[in-house]
1. Which of the residues belonging to the range 1-15 are touching a helix residue (DSSP H, G or I) at 6+ places or on another chain (Cβ under 7 Å) and open to solvent by 80 Å² or more (accessible area, probe 1.4 Å)?
2. Of the residues Ala43, Ala7, Ala53, which single one is at negative phi, among the small types (Gly, Ala, Ser) and at pLDDT below 85?
3. I'm checking my understanding of the structure. Among residues of the range 16-67 that are of a type in the set (Phe, Trp, Tyr) and open to solvent by 100 Å² or more (accessible area, probe 1.4 Å), which one is farthest from the chain's Cα centre (by Cα)?
4. Somewhere in the range 29-49, is a residue acidic (Asp, Glu), under 18 Å from Lys8 (Cα atoms) and assigned to a helix (DSSP H, G or I)?
Amino acid sequence: MARTMQAKITRRTKERLHIEVTKENFEAFCDSVGLYRPEFLEALEASERDHRAERVTKRKSLRALID
C-alpha cells in the first residue's frame, strides 16, 4: 500500500519547484520517484562498474546524452 508523503514547497519559479521532505518521509519520496526500481538500481551499478574500470566519457553538458 502506498504511503502518503508530505512535502513543503519552499520556492517556486517558472521552471523549478523546490520542496522540503522530512527525514521520516525521505524513503517514501525515493520510492515515489522510482529510485528503488530494479532497472534504476541496475543502471546505477553498471555506471559504478564503468567508472571503476575508467570507462568514462567527458561531456560538457548532460544535454549531449539526449541530443
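The values are calculated or read from the model by the stated rules, or taken from the named source; none is laboratory data. All values reported here derive from a predicted model rather than from experimental measurement. Every residue, glycine among them, receives a Cβ derived from its backbone with ideal geometry; neighbour counts consider all protein chains shown. Only protein heavy atoms, including side chains, enter the accessible area calculation; ligands, DNA and RNA are left aside. Shrake-Rupley method; radii C 1.70, N 1.55, O 1.52, S 1.80 Å.
1. Hit for the range 1-15 is Arg3, nothing else.
2. Numbers: Ala43 fails: at pLDDT below 85; Ala53 fails: at pLDDT below 85.
Just a single option satisfies the conditions, and that option is Ala7.
3. Only one residue tops the list, namely Phe26.
4. Scanning the range 29-49, I find at least one residue that is acidic (Asp, Glu), under 18 Å from Lys8 (Cα atoms) and assigned to a helix (DSSP H, G or I), so the answer is yes.
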